[in-house]
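Chemist: Have a look at this one before I ask anything.
The values are calculated or read from the model by the stated rules, or taken from the named source; none is laboratory data. This structure is a prediction, so every number in the text was calculated from the model and none was measured. Don't worry about glycine lacking a Cβ; one is built from the backbone with ideal geometry, like all the others, and counts go over all protein chains shown. With ligands, DNA and RNA removed, areas are computed over all heavy atoms of the protein, side chains included. Shrake-Rupley method; radii C 1.70, N 1.55, O 1.52, S 1.80 Å.
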Amino acid sequence: PIGSVEVSVSCSSNQSSVSCSSEGDQIIYSWTLNGKILQEGLMDGQTSIQLNEGTDGNISCSVKNHVSHAQNTIRIKPCP
């Protein structure tokens, strides 16, 4: 089974980095921003994506495997 999905955001000078981590075997993840898929693929423990500084909305990390699935959504705002 998949463990809890943790999503975190860090800001640098001109972009945001959003990280997603979870535990489980053969996890496939997908990132969505306001319902649109940004990126998807196999996940090895943790994955992160870079967003431009003006990104605003709800970003979700969904993870699934042959046993279960989980998702976490956070609100992302433009970096200060």
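Chemist: Among residues belonging to the stretch 5-25 that are open to solvent by 80 Å² or more (accessible area, probe 1.4 Å) and assigned to a loop (DSSP other than H, G, I, E, B), point out the one that is modelled with the highest pLDDT.
Modeler: Taking the candidates together, the pick is 23.
Chemist: Please specify each residue of the stretch 51-69 satisfying the condition of being assigned to a strand (DSSP E or B), surrounded by fewer than 15 Cβ atoms within 10 Å (Cβ to Cβ) and modelled with pLDDT under 95.
Modeler: Answer for the stretch 51-69, where residues must be assigned to a strand (DSSP E or B), surrounded by fewer than 15 Cβ atoms within 10 Å (Cβ to Cβ) and modelled with pLDDT under 95: just 52.
Chemist: May I ask you to list the residues in the stretch 50-69 that are closer than 17 Å to residue 24 by Cα and more than 13 Å from the chain's Cα centre (by Cα)?
Modeler: 65, 66, 67, 68, 69, listed by residue number.
Chemist: Something else about it: Exactly one of (1) open to solvent by 30 Å² or more (accessible area, probe 1.4 Å); (2) not in a strand (DSSP E or B) is unmet by residue 79. Its number?
Modeler: Failed condition: (1).
Conditions tested, residue by residue: (1) more than 13 Å from residue 6 (Cα to Cα); (2) in contact with a strand residue (DSSP E or B) (Cβ under 8 Å, 6 or more places away or on another chain).
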| site | (1), (2) |
| --- | --- |
| 45 | no, yes |
| 66 | yes, no |
| 73 | no, yes |
| 79 | yes, yes |
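Chemist: Further question: So how many residues does the stretch 33-49 have that are open to solvent by 100 Å² or more (accessible area, probe 1.4 Å) and either among the β-branched types (Val, Ile, Thr) or within 11 Å of the chain's Cα centre (by Cα) (or both)?
Modeler: The number of residues fulfilling the criteria is 3.
Chemist: Considering each of 2, 28 in turn, give the residue that is touching a Gly at 6+ places or on another chain (Cβ under 6 Å) and surrounded by 14 or more Cβ atoms within 10 Å (Cβ to Cβ).
Modeler: Residue meeting the stated conditions: 2.
Chemist: Still on this structure, I have one more. Counting just the residues of the stretch 9-24 that are touching a strand residue (DSSP E or B) at 6+ places or on another chain (Cβ under 6 Å) and free of Cβ contacts under 8 Å to residues at least 40 places away in the same chain, which one comes out farthest from residue 62 (Cα to Cα)?
Modeler: The qualifying residue farthest from residue 62 (Cα to Cα) is 10.
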